[in-house]
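Report on the following structure.
Nothing in this text is a laboratory measurement; each read-out follows from the coordinates by a stated rule. All values reported here derive from a predicted model rather than from experimental measurement. Virtual Cβ from ideal backbone geometry, glycine too; neighbours counted across all protein chains shown.
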Amino acid sequence: MIQEEFNIWLLVAGLGVFLYSMHLLEISVKELGGDLLRNFIKKYTEGVLKSIFTGATVTALIQSSSAVSLMVLAFAGAGMITLSGAIGVIIGSNLGTTITSWVIAGLGFKFSIEAVSLPFIGLGGMGIAFIRRKTTLKKVCALAFAFGLLLLGLGFMKEATDVLAGQIDISAIADSRLLFLFGGVMLAALMQSSSAAVLIAFSGLYSGIFGWDAASHLVIGTALGTTITVFLGSISGGTLQKRIAASHFFFNVVTVLIALILAPLYNLLILDVLGYRDDMIIGLALFHTFFKLVGVILFAAILFPYTNFIKWIISESKPVQTRYISKITSEVPEAGVEALKNEAAMFQNMCLYFILKTFGLSVTQGVLPGFTYRHRLEEFKKMDAPNRYEYLKDLQAEIYSFAASIRAQEIKESNDKEIRDKLAAVRSYMMAVKKAKDLSPDIAKLRSSGIDVMRDLYLDMQRLVSFIARDIGNIDELDLEDKAALSKILAMDQYADKQVNETMDRLNKMISAGSIPYREQSSLIAVYNEFHQIFIFFLEGLKHIKELDEEQIAMAG
């Protein structure tokens, strides 16, 4: 009898196709229901059970706990969900990842791979090729194609390990549970995917390369592997990233320890009581679900104390955010007022930078020349959007606190008015930033849209932001005693209103003509109205920071 030769490239191809299919599945589900999933996360995180259920459900759908973690981080950073809600979602996402085990066990090793995968790949691929417009049907075809690839990857792995099982003997290490535990940790960490590592455990068990104990400990180890990568990735992040990564880390460490202690009990329950000794593939899927579920139940019961523990071990860092007011004492009011003016001016440019980045614009494209030189904000520019927003909120709080300490002194009425104007400016700028932050998902959707009307709307927004930013940069240096300078502020205000009104008229005409898809009509109008609010708040802030009242502006007109 000729022994079939083991093909290592079939094994590698299976793993590669599986990993790529998981990536495609994530993208396809996001395109089909990304907005719905994001809104679901924002809405259903108020209580313990809701947040955990949300994490489990969304992760099960998009098959990526890392993508869920990123969404949670963004929402928590924006203040849309609490830290306890974010941790609840993270805990739930660990349970959601077990759905992969059931797909592998239920389809990958129970049916003919070709019979199931090829129709998905064939029909899905033809749909992607022949449907030109990015319709819902095309997105469904992409999802089907990705699912077919996932099953094909399983098939390659299954075929390769079947051959390998007859050619290797690992009996010398078969009882080394710690070795397989460590193997699971390393596989998940190196491949950045617990699902791929779990697939290896199922393939090895199915083909007989190793037994139940080895496979179950390999699966346990995968929980720690992805945790380590998340934890290492948070080292350079802010307090929020560290807290969420720490909550993920400690959850998995405790869950793994419990699984190791209770492994004999799980084995007895699954193999003997439930009778899966003759069907260890389904048994392994149960094992994976059981040990994660025990951890979820335990942490659900202590979620709020656990959140407080995370806050305690990773305390809120309070770095000095300011550049001017941190260098002086509020006991010298005149100097304090001058420092406050400089700080508010810097705050204005930082907020404008935030808005520019939201719309995909760069300071180096000619907007705000000299911005980097004047304010040396390298650390601010290196931050991601959620951290920039948190930085600005902290900076606003420090400015308010400093202003309150100055006003507690005996100061002149003119100084008090200056302080009130600067605080009003800071408040208006922050409202503009909040509007931009809230609009960022819609802006990203417009930017990547395949619909010309939506893409053109994004480009119109970008042009208007760029134009206004340049004008603000020029006004920064103008002498406000000069009537022409005041007229420029008024003209900029009127120009923004004119451009917005013209675009709104154009949108309404396109809606009447049926040029805009029905379900996008109301959202586009709402997005553009919110976009207009950014300018209303920012220009209001500019008037305050230049200490202009309506009478002065009216006279200039």
Highest average packing first - 122-131, 145-154, 197-206, Cβ atoms within 10 Å: 197-206, 145-154, 122-131
Exposure proxy order (Cβ contacts within 10 Å, fewest to most) of ARG455, ARG243, ARG407: ARG455, ARG407, ARG243
Peptides ranked, highest mean first, by Cβ atoms within 10 Å: ranges 300-306, 177-183, 215-221: 215-221, 177-183, 300-306
Fewest-first ranking of LYS393, LYS417, LYS435, using other Cβ atoms within 10 Å as the exposure measure: LYS417, LYS393, LYS435
Relative exposure of CYS351, CYS141, judged by other C-beta atoms within 10 Å (fewest first): CYS141, CYS351
Among the listed pairs LYS242/LYS382; LYS381/LYS417; LYS311/LYS393; LYS134/LYS381; LYS434/LYS543; LYS311/LYS381, those beyond 25 Å (Cα-Cα): LYS381/LYS417; LYS134/LYS381; LYS311/LYS381
